[in-house]
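Encoded as structure tokens, the structure appears first; notes follow it.
The values are calculated or read from the model by the stated rules, or taken from the named source; none is laboratory data. Source: prediction; values computed, not measured. Here the Cβ positions follow ideal geometry from the backbone for every residue, glycine too, while neighbour counts run over all protein chains shown. Ligands, DNA and RNA are excluded from the accessible area calculation, which covers all protein heavy atoms including side chains. Shrake-Rupley method; radii C 1.70, N 1.55, O 1.52, S 1.80 Å.
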Amino acid sequence: MSAPVRVRFCPAPSGWLHVGSARTAEFNWLWARKHGGSFVLRIEDTDATRATVESAEQMMDGLTWLGLDWDEGPAIGSHAGRGEFGPYLQSERRPLHDAVVRRLLAAGHAYEAFETAEELEAAREAGQRTYKRATSATATAGEGRDAVVRLETPADGEVSFADDVRGTVTFDWAEIADPVIARADGSPTYLLANVVDDLAQGIGYIARGEDLLSATPRQILMAERLVADGILDDALAEVGYPSRPEGAPDRLGYAHLPLLVGEDRKKLSKRHGSVAIESFREEGFLPEVMVNFLALCGWSPGDDRERMSVPELVEAFDFARVQSSPAYFDTDKLRSLNGDTIKDLDDDAFAERLVPAFQRAGLVDDPPTEGQLALVRGFAPHLKARTQTLADAVPHVAFAFRDEITWDDKAVAKWLKPAAGPVLDLVTPRLEALEDWTAESIMAVFEACVAELEVGMGKAMQPVRVLVTGTAVSPPLPETLSVLDRGWVLERLRDGRSQVAEG
């Protein structure tokens, strides 16, 4: 009987949640959900010079927004909507890491090295391509030197492993340096802490970015050393940690995911625009669309589907269908998917999604007032066709949430010419006299005025639109006016009448 699927996402908390990292988390999450397994979140914060609490919080917020919930961790109760678990913090597992280092040294698999950074650089300049215990003149203790601990790697031969994305991958040991596993201050490096915690927590499958492919041979060697000699089991017992889960594998499976690239086919970075999940959230992308889109960055369901629900993604996902070539992060496609999904929302759901966008713009309170909610709900049906992201909707109706009108000088100059005076003088009292304030009755007023004044509909509507909104662009005018309070509209028309140029 095979062991239950256990996968993990283990970011270093030194920045925001990059879309590439979010995709890695998502692929692991989909795999766990497909097989009824566990998705583990572990924050790798052993490098105190880079790790920040703020970054870890931001990454958890991003995962939560995407709906990528993790299944275990320290119980923390409900926290910022994240559920009942906190993440595992690697820094809290330091006693285990220290115990493993001691046992690796005692077994002769690791050794202390005392070279300074300057000496290592000089050796590289002299042609020493890789640092090996067997070929390096390892400095000895003394002279105030601090030691790092290195894992000894084979001097020659090859190491091969199966990768579900890249097939069989082979490295020459002669090209692989002995890696540092403990820094001079005693803290564990990524290599040691990552392998120790993966094995100790029963992780069976590693899906991560291809930039970590070159680290795999050393991690395989580390795992072999820890398991074959019982080093990890003895260390767990020494520090009083739980034993490895029953059925935990001794050797892990791997899938190294393709990089995300921009239009120039170079690694996706800030020069390509937004690359942080939080930025896409603020721009008004829907979380389910981001999950859908990220899944298609380097993976295909095997057919022509592009819009897929989360349950559909879970059912279809397989690492065997992940491509090895770089995946193009097509923001135009993302916007199109988002716009299509918005159009499929019912009006109430769309209005609910819009509220945070108006709050971020400073137009709606937190919590919103009833009046503000009424405006958002009223405008929602008329904004869908104009909206690819939630933020797109805000400028079209921002005027309705402000006490002061902001004038578009070009719109004023074009539409508030002397010819607008008779139009406004006819339209305003007729709007005031309406028995019902609906888009249909408002449209009837404009139609009657157009016929009476013998002008085009644009010349009748645009002066009204400019006086009410301050600009010449808004959702359809009758629908826009019907959402607004009649008294508020009439006040803007009367107060703005003086903006019309004299003939």
Normalising by the residue count of the stretch 140-259, find the relative contact order in percent from Cα pairs under 8 Å and 6+ residues apart. 30 percent
Mind listing the phi-derived Karplus ³J(HN,Hα) values for the stretch 398-410, rounded to whole Hz, using 6.51, -1.76 and 1.60 with θ = phi - 60°, and x for any glycine or proline? 4, 4, 6, 9, 10, 6, 9, 8, 10, 8, 8, 4, 5
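Run through the stretch 212-263 and list the trypsin sites (Lys or Arg not before Pro) located in a DSSP loop whose Cβ has at most 13 other Cβ atoms within 10 Å.
Filter output for the stretch 212-263: Arg251.
Nearest 0.05, what FRET efficiency do Asp264 and Ala215 give at R0 = 30 Å with Cβ-Cβ as r? Don't skip to the answer; put the middle values down first.
Numbers: r = 27 Å, r/R0 = 0.90.
Efficiency for this residue pair is about 0.65.
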In debye to the nearest 20, how big a dipole does the stretch 176-282 give about its Cα centre with +1 on each Lys and Arg Cβ and -1 on each Asp and Glu Cβ? 600 debye
Once you have the Kirkwood Rh of the stretch 351-454 from its Cα pairs, apply Stokes-Einstein at 4 °C and 1.567 mPa s and quote D in µm²/s. 80 µm²/s
Each residue of the stretch 320-328 in turn: what ³J(HN,Hα) in whole Hz from Karplus with 6.51, -1.76, 1.60 and θ = phi - 60°, glycine and Pro shown as x? 5, 9, 7, 7, 9, 7, x, 9, 7
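Of all beta bridges DSSP finds with both residues in the chain, what is the antiparallel percent, to the nearest 5? Could the numbers behind the result be given before it?
Details: 17 of 31 bridges.
DSSP beta bridges in the chain are roughly 55 percent antiparallel.
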For the chain, with +1 on Lys and Arg beta carbons and -1 on Asp and Glu, the positive-most of Leu257, Val291, Leu105 along the dipole: Leu257
List the residues, sorted by chain then number, that are 5 or more residues from Asp164 or on another chain and whose placed amide H is less than 5 Å from its amide H. Tyr254, Ala255, His256
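So how strong a dipole does the chain carry about its Cα centre when Lys and Arg Cβ are +1 and Asp and Glu Cβ are -1, to the nearest 20 debye? Before the final figure, lay out the partial values.
Details: 53 positive and 82 negative charges, 150 e Å.
About 720 debye.
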I need the per residue convex hull volume for the stretch 1-115, using only the alpha carbons, in cubic angstrom as a whole number. 155 Å³
What three numbers, in Å, describe the spread of the alpha carbons of the stretch 115-267 along their principal axes, ordered from the longest? 52, 47, 30
Along the dipole axis of the stretch 374-492 (charges at Cβ: +1 for Lys and Arg, -1 for Asp and Glu; origin at the Cα centre), the most positive-end residue among Ser474, Gly421, Ala393 is Ala393
Treat every Asp and Glu Cβ in the stretch 1-77 as -1 and every Lys and Arg Cβ as +1, leave all other atoms uncharged, and give the resulting dipole magnitude about the Cα centre to the nearest 20 debye. 380 debye
Given the protein chains as shown and a 1.4 Å probe, how many square angstrom of Cys297 are accessible, to the nearest 10? 0 Å²
Full-extension gain between Glu440 and Thr331, please, as 0.36 nm times their residue separation minus the C-alpha to C-alpha distance. 35.4 nm
By a straight-distance test (C-alpha under 14 Å), which aspartates and glutamates pair with Lys333 as possible cross-link partners, with residues fewer than eight away in the same chain excluded? Glu263, Glu306
Show the residues, 5+ positions off or on another chain, whose built amide H is closer than 5 Å to the amide H of Ile203. none
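Which value results when the Cα radius of gyration for the chain is divided by 2.2 N^0.38 Å?
Numbers: Rg = 31.2 Å, N = 503, 2.2 N^0.38 = 23.4 Å.
This ratio for the chain stands at 1.33.
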Give me, ordered by chain and number, the residues 5 or more places off Val261 or on other chains with an amide H under 5 Å from its own placed amide H. Leu268, Ala327, Tyr328, Phe329
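Given Cα pairs under 8 Å that are at least 6 residues apart, what percent is the relative contact order of the stretch 221-333?
Numbers: 90 pairs, mean separation 33.3, N = 113.
For the stretch 221-333, the relative contact order is 29 percent.
Rg to Rh for the stretch 411-497: what is it, with Cα atoms only and Rh by Kirkwood? Write down the numbers at each step before the final one.
Values: Rg = 11.5 Å, Rh = 12.6 Å.
Reported Rg/Rh (Cα atoms, Kirkwood Rh): 0.91.
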What is the mean projected area of the alpha carbon convex hull for the stretch 279-429, to one decimal in square nanometres? 13.2 nm²
Label Asp318 and Asp346 with points 7 Å out from Cα along Cα→Cβ: what is the distance between them in nm? 3.7 nm
Just the number, please: carbon plus sulfur as a percent of the accessible area of the chain, 1.4 Å probe, no ligands or DNA/RNA counted. 50 percent
What distance in nm separates the two pseudo spin-label positions at Ala413 and Asp365, each 7 Å out from Cα along the beta-carbon direction? 4.0 nm
Pairs of alpha-carbon atoms within less than 8 angstrom and 6+ residues apart define the contacts here; what relative contact order does the chain have, in percent? 12 percent
Helix-only mean residue ellipticity at 222 nm, the chain, DSSP H runs n ≥ 4 weighted -39,500 (n - 2.57), per residue, nearest 500. What is it? -13500 deg cm²/dmol
Hey, which lysines would be in cross-link range of Lys417, C-alpha to C-alpha under 27 Å, not counting anything within fewer than 8 residues on its own chain? Lys459
Rg and Dmax of the stretch 238-368, using alpha carbons, in Å: what are they? 19.4, 60
Just want the answer: with Cβ charges of +1 for Lys and Arg and -1 for Asp and Glu, which residue in Trp31, Leu96, Trp65 is farthest toward the dipole's positive end in the stretch 7-121? Trp31
Phi to ³J(HN,Hα) by Karplus 6.51 cos²θ - 1.76 cosθ + 1.60 over the stretch 391-397, Hz, x for Gly, Pro: 5, 4, 6, 4, x, 5, 10
Of Lys384/Lys410; Lys34/Lys266; Lys267/Lys384, which sit over 30 Å apart, Cα to Cα? Lys34/Lys266; Lys267/Lys384
Alpha-carbon Rg/Rh ratio, for the stretch 200-315, with Rh computed the Kirkwood way: 1.09
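For the chain, with every protein chain kept in place, what is the accessible area per residue (1.4 Å probe, Å²)?
Values: 23170 Å² over 503 residues.
Heavy-atom SASA per residue in the chain reads 46 Å².
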Residues in the stretch 394-436 that a label on Glu491 would reach, taking backbone N under 12 Å of a point 7 Å out along Cα→Cβ: 402-405
Starting from the Cα of Glu282, step 7 Å along the direction of its Cβ; do the same at Leu426; then give the gap between the two resulting points in nm. 4.9 nm
